[in-house]
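One structure coming up, written as structure tokens, with questions to follow.
The values are calculated or read from the model by the stated rules, or taken from the named source; none is laboratory data. Just so it is clear, the model here is predicted, and its values are computed rather than measured. Counting neighbours? That spans all protein chains shown, and the Cβs are built from the backbone with ideal geometry, glycine included.
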Amino acid sequence: MQKDEARAPYEREWGVSIPERPGITKVHAIDEILKGNVRCVYIMGENTVISDANASRTRRALEEVEFLVVQDIFMTETAALADVVLPAATFAEMDGTYTNTERRVQRVRKAVEPPGRARPDADIICDLASRLGYPMSYAHPSEIWDEVARNTPILAGISYERLDREGGLQWPCPTHDHPGTKFLHEEFFVTGRGQLALVDHIPPVEQPDGEYPLLLTTGRHRELYHTNTQTSRAPGILELVSHEFAEVSPQDAAELGLADGEPIYVVSRRGRVKARVRVTDVSPPGVVFMSFHFPWETPTNELTTDAYDPITETPEFKACAVRIERLADAAGGTP
């Protein structure tokens, strides 16, 4: 579907003209804030100053922006910087749908009322749109889904009634008697048979050198989620992973004189954070692995570079040059 074909149904639905000009990615937005070209930022459900690459630069941008609004379920590190915080409801406090990565649309039903002044995201957005001059209201989230479905062909056959009756349905589901699509590309791709293309390898922007001889790669622990905003509130989960580790190979640990569990500094060209050593065969020599689940004590993304892929503008989280400093060496004595 072409862009104008996708816009047309919504232009008719809303009675507006949708501009052709594309927006900018979040990575580009940080650049524009620091240049003074973006004056207002509205963040929904993301702890940006922790999850962004080169997080210190993102913090500086959000501290400098003229007006910052954060809509979230907790007072996160990002929300603490905001001029206005809009308290949102959690999944258990509102009706709606979720669509997972296998394209399955599923119902979510409100179990409890939102606490205090917290409200569902849709209600907040509708009120904001109305105050900005476009009246918007829905009696129930099902009306929002119906609007999306009648203007999006791949969702046209999915309704709350079907979801309640049949359970999850996978798009494309173009008609009300369509069973949903279990395999998206069972025999052919949309464009026909798949094509393989050779691409040149582009190495990471920042390579290890004499000053920063190790390669840091970041990721997640199974037990924790993202910036730990939600999972840190469950004591049982934190008993499984209580603090951040810098995972290193036995060879690197021996060469650097590191003991398992020892507190260290991991240092890059952008920052320095404290963590504990975990010696493991999982890490190959020359590579350090860390997560970013413990921002209050180990803000790992203050180390990472904000270099990004020029096509997708995806940050290069997974590779930057670092060194490890023992606390004894950094302090000039015994830790």
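I'd like the full set of residues that are part of a strand (DSSP E or B) and among the acidic types (Asp, Glu), limited to the stretch 64-98.
As a first pass, look at the stretch 64-98 and keep what is part of a strand (DSSP E or B): 67-72, 84-88, 96-98.
Answer for the stretch 64-98, where residues must be part of a strand (DSSP E or B) and among the acidic types (Asp, Glu): just 72.
Only one residue in 161, 143 is of a type outside the set (A, V, I, L, M), in a helix (DSSP H, G or I), more than 24 Å from the chain's Cα centre (by Cα) and in the same structural domain as residue 97 (by TED's automatic domain parsing), so which one is that? Please lay out each step first, then the result.
Working: 161 fails: in the same structural domain as residue 97 (by TED's automatic domain parsing).
Criteria check complete, one pass: 143.
Return a yes/no flag: does the stretch 196-214 have any residue that is modelled with pLDDT under 85 and part of a loop (DSSP other than H, G, I, E, B). Steps first, please.
Residues of the stretch 196-214 that are modelled with pLDDT under 85, as a first pass: none.
Within the stretch 196-214, not a single residue is modelled with pLDDT under 85 and part of a loop (DSSP other than H, G, I, E, B).
Does any residue of the stretch 269-286 turn out to be under 24 Å from the mean Cα position of the chain (by Cα) and buried (at least 20 other Cβ atoms within 10 Å of the Cβ)?
Yes, the conditions are met somewhere in the stretch 269-286.
Within the stretch 307-322, identify whether any single residue is in contact with a His (Cβ under 9 Å, 6 or more places away or on another chain) and crowded, with 20+ Cβ neighbours inside 10 Å, and answer yes or no.
No - not one qualifying residue is present in the stretch 307-322.
Something else: Can you confirm whether the stretch 222-242 contains a residue that is modelled with pLDDT under 95, within 20 Å of residue 76 (Cα to Cα) and in contact with a Lys or Arg (Cβ under 8 Å, 6 or more places away or on another chain)?
yes
Next question, about the same structure. Of 257, 219, which residue is surrounded by fewer than 16 Cβ atoms within 10 Å (Cβ to Cβ), touching a Ser or Thr at 6+ places or on another chain (Cβ under 9 Å) and touching a residue at least 60 places away in the same chain (Cβ under 8 Å)? Walk me through it before giving the result.
Working: 257 fails: touching a Ser or Thr at 6+ places or on another chain (Cβ under 9 Å).
From the options 257, 219, the qualifying one is 219.
Can you tell me which residues in the stretch 176-213 are among the hydroxyl-bearing types (Ser, Thr, Tyr), under 18 Å from residue 153 (Cβ atoms) and surrounded by 10 or more Cβ atoms within 10 Å (Cβ to Cβ)? Before you say what the answer is, go through the steps one by one.
Initial filter on the stretch 176-213 (among the hydroxyl-bearing types (Ser, Thr, Tyr)): 181, 191, 212.
Narrowing the set further to residues that are under 18 Å from residue 153 (Cβ atoms) leaves 181, 191.
The answer is 181, and nothing else.
To continue, here is another question. Which one of the conditions (1) assigned by TED's automatic domain parsing to the domain that holds residue 8; (2) within 17 Å of residue 97 (Cα to Cα) does residue 132 fail to meet, given that it meets all the rest?
(2)
I would also like to ask the following. I need the full set of residues from the stretch 41-60 which are under 18 Å from residue 24 (Cα atoms), of a type outside the set (Val, Ile, Thr) and buried (at least 22 other Cβ atoms within 10 Å of the Cβ), in order please.
52, 53
Give the residues of the stretch 32-63 that are assigned to a strand (DSSP E or B) and under 17 Å from the mean Cα position of the chain (by Cα), sorted by residue number.
In the first step, residues of the stretch 32-63 are kept if they are assigned to a strand (DSSP E or B); the result is 40-44.
Of everything in the stretch 32-63, those that are assigned to a strand (DSSP E or B) and under 17 Å from the mean Cα position of the chain (by Cα) turn out to be 41, 42, 43, 44.
Quickly run through the stretch 1-26 and pick out the residues that are modelled with pLDDT under 85, in a helix (DSSP H, G or I) and not acidic (Asp, Glu).
Answer for the stretch 1-26, where residues must be modelled with pLDDT under 85, in a helix (DSSP H, G or I) and not acidic (Asp, Glu): just 3.
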